[in-house]
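Trainee: Structure in structure tokens, see below.
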Amino acid sequence: MSVRKLTTLALFTTLAIAIYAVESALPTLIPIPGIKPGLANIITLTVLHRHGRSQALWVLLTRIFLCSILFGQAMSLLYSLAGGLCCLLIMSLVSSFLQRRFLFITSIMGALAHNGAQLAVAYIITRVPGVLAYLPFLIISGIITGLFTGLCAGQLMKYLPRSEAQ
Amino acid sequence: MLAIIALLALFSVIMILFPSVHTDSEHVLASIYQDGELLETYDLSLVSEKSTYTVTSRSGRQNIIEIRPGSIGMLHADCPDHLCVEQGFLSHPSIPITCLPNSVVIELRYGDDTVHAPDAITY
């Protein structure tokens, strides 16, 4: 990995952490666990498209571990890891056969995978089948937030100089 | 791909607008779970006075649940997000109140099981 690339990826990771910090300071609009904008995914999506899967994985893992140490607690690490990894897996599968302009679909599928994985973890931890009642709410929120982050990432990539990616 | 998303959206809207459980029972039961274990069940229809129930997690964190006549909610939680407190008080079965960091769930349902309620049986 060249110094240039390392620096670029580190910058992306820093941006993702900053976005996460701002997002967690925002007041919650809908008090349902798991419903949040997920704006840090803009960075994951951008790195996935510009630098490929393995770089996106590194940026994602670094962001999750650092955010967990800085803002979270042991339990949130488990949820973030499950959600983030499933999201990246689905996004890299979907984006491999979709064109760039359908970035928002990739993002929606990623958000749905993220919410689904987190609900699965919530069910495993609480072992109360009632928590599955959150599913429809999480699907709707995943579609809305996924669409939004996908469009944001599309705009970002439009203005991000291409040369940096090399 | 869009079709899958549309179907999921349709399914969710239907699930939210038409909850499946409908029974004749007027009684609303609230169950408190921690780590999947049922700690306590209240018949909210029979509660006459406010009371609180404290759940302490293994790591020592506390959730204080307030039981009111006809409703139940999280009064205080030692977790960072306080989502469960913001969910407010529930009086009808809908989505459960969940505190994921402390693994505490309050679930409401219709029914008339024999449950713990101080003045449930008065002869």
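Trainee: In this structure, does A:I64 turn out to be out of contact with any helix residue (DSSP H, G or I) (no Cβ under 9 Å at 6 or more places or on another chain) and either surrounded by fewer than 23 Cβ atoms within 10 Å (Cβ to Cβ) or more than 9 Å from chain B (Cβ to nearest Cβ) (or both)?
Mentor: no
Trainee: Of the numbered conditions (1) at pLDDT below 95; (2) closer than 21 Å to B:I14 by Cβ; (3) of a type in the set (V, I, T), A:I108 fails exactly one; give the number of that condition.
Mentor: (1)
Trainee: Taking strands (runs of 3 or more DSSP E) that do not extend beyond segment B:1-74, which have at least 2 residues that are in contact (Cβ under 8 Å) with a residue 24 or more places away in the chain and touching a Ser or Thr at 6+ places or on another chain (Cβ under 9 Å)?
Mentor: Correct list: B:28-34, B:37-43, B:62-68.
Trainee: Name every residue in segment A:28-38 that is at pLDDT below 85 and either open to solvent by 90 Å² or more (accessible area, probe 1.4 Å) or among the basic types (K, R) (or both), in order of residue number.
Mentor: Selection gives A:L29 alone.
A quick yes/no check of all residues on (1) facing chain B (nearest Cβ under 9 Å); (2) open to solvent by less than 20 Å² (accessible area, probe 1.4 Å):
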residue	(1), (2)
A:I69	no, no
A:C86	no, no
A:I90	no, no
A:L93	no, no
A:Q99	no, no
A:F102	yes, no
A:A117	no, yes
A:V131	yes, yes
A:T145	no, no
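Trainee: While we're looking at this one, here's another question. What pairs can you find where one residue is in segment A:12-26 and closer than 12 Å to A:R63 by Cβ, the other is exposed (fewer than 13 other Cβ atoms within 10 Å of the Cβ), and their Cβ atoms are less than 8 Å apart, with a gap of 6+ or different chains?
Mentor: Short answer, once both residue conditions are applied: A:I17/A:L70; A:A21/A:L70.
Trainee: Which residue is nearest to B:L8 (Cα to Cα), if the candidates are limited to segment A:114-124 and must be touching a residue at least 12 places away in the same chain (Cβ under 8 Å) and more than 11 Å from the chain's Cα centre (by Cα)?
Mentor: Checking each candidate, the answer is A:G116.
Trainee: Among what's in segment B:92-106 and is at the interface with chain A (Cβ under 7 Å from one of its Cβ atoms) and of a type in the set (V, I, T), pick the residue that is farthest from A:S80 (Cα to Cα).
Mentor: Selected residue: B:I95.
Trainee: Can you tell me which condition A:A111 does not meet? The list is (1) under 30 Å from B:E107 (Cα atoms); (2) of a type in the set (G, A, S); (3) over 14 Å from the mean Cα position of the chain (by Cα), and all the others hold.
Mentor: Looking at each condition in turn, A:A111 falls short on (3).
Trainee: Can you find a residue in segment A:34-50 that is within 13 Å of another protein chain (Cβ to nearest Cβ), touching a residue at least 24 places away in the same chain (Cβ under 8 Å) and not basic (K, R)?
Mentor: Yes, some residue in segment A:34-50 is within 13 Å of another protein chain (Cβ to nearest Cβ), touching a residue at least 24 places away in the same chain (Cβ under 8 Å) and not basic (K, R).
The values are calculated or read from the model by the stated rules, or taken from the named source; none is laboratory data. A quick note: this is a predicted structure, and the numbers were derived from the prediction, not measured. Backbone-built Cβ (ideal geometry, glycine too); neighbour counts: all protein chains shown. Calculation scope for accessible area: heavy atoms of the full protein, side chains included, ligands and nucleic acids excluded. Shrake-Rupley method; radii C 1.70, N 1.55, O 1.52, S 1.80 Å.
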